[in-house]
Structures are given as C-alpha cells and as structure tokens.
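**Student:** Mind looking over this structure? Questions follow.
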Amino acid sequence: IIGKTDQDLLNPHLASHIIANDQKVLQSGTSQEFEEQVQLPDGIRTYLSVKFPLFDAAGTPYAICGIATDITARKQAER
C-alpha cells in the first residue's frame with residue numbers, strides 16, 4: 001500500500017468518499033469517526049474509522065493517521 005493513493009486502490013466513488021472524510025479531518029484539525037465501505041475481493045466491507053490529523057512544529061496539520069475496525073458482521077446483524 002505504501003506509495004499508493006486511495007484512487008489507486010479503490011473504485012472512484014469509494015475513493016472520493018474516503019478522501020472527503022480525510023479533508024474534513026484536515027480542515028477541522030480534530031479527530032473524527034466515520035463508517036466507511038471498501039470493496040474487497042470477498043465483497044463490500046464496512047469499517048469504523050477513527051482518523052486524526054498529524055501536526056508539524058508550527059501546528060499545521062500535514063497528514064492523517066487512522067485506525068479502522070472491521071464492523072461488517074455487526075452491520076449485517078443489525079439488518
């Protein structure tokens with residue numbers, strides 16, 4: 001995955017959704033939670049993603065760090 005963009009790894013619709021969420025984090029400068037879906041070979045998976053900005057020495061956000069938990073089974077059970 002190193003050196004790849006969301007557009008390289010995901011279909012355009014999903015990539016644009018994830019990029020929009022990343023932009024929300026960068027613009028707000030705060031951590032946020034999102035439910036994000038990703039198309040994998042075995043089907044669509046749903047993740048609970050917690051994303052937070054990384055700041056440079058001047059306090060400007062320059063990157064995003066995230067932790068994603070697969071919640072597909074939980075979402076299916078809720079249906």
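The values are calculated or read from the model by the stated rules, or taken from the named source; none is laboratory data. Small disclaimer: the values here were computed from a predicted structure and weren't measured. All Cβ positions, even for glycine, are placed from backbone atoms using ideal geometry, and neighbour counts span all protein chains on display.
**Student:** Could you look through region 19-45, keep only residues that are among the charged types (D, E, K, R) and either at pLDDT below 95 or surrounded by 15 or more Cβ atoms within 10 Å (Cβ to Cβ) (or both), and pick out the one that is nearest to ASP6 (Cα to Cα)?
**Tutor:** Among residues in region 19-45 that are among the charged types (D, E, K, R) and either at pLDDT below 95 or surrounded by 15 or more Cβ atoms within 10 Å (Cβ to Cβ) (or both), the one nearest to ASP6 (Cα to Cα) is ASP22.
**Student:** Which of the residues belonging to region 1-57 are hydrophobic (A, V, I, L, M, F, W, C) and assigned to a helix (DSSP H, G or I)? Walk me through it before giving the result.
**Tutor:** Filtering region 1-57 down to residues hydrophobic (A, V, I, L, M, F, W, C) leaves 1-2, 9-10, 14-15, 18-20, 25-26, 34, 38, 40, 44, 48, 50, 52, 54-55, 57.
Answer for region 1-57, where residues must be hydrophobic (A, V, I, L, M, F, W, C) and assigned to a helix (DSSP H, G or I): LEU9, LEU14, ALA15, ILE18, ILE19, ALA20, VAL25, LEU26.
**Student:** Select from region 46-63 the residues that are of a type outside the set (Ser, Thr, Tyr), under 15 Å from the mean Cα position of the chain (by Cα) and at pLDDT 95 or above and write down the one among them that is surrounded by the most Cβ atoms within 10 Å (Cβ to Cβ).
**Tutor:** Result: LYS51.
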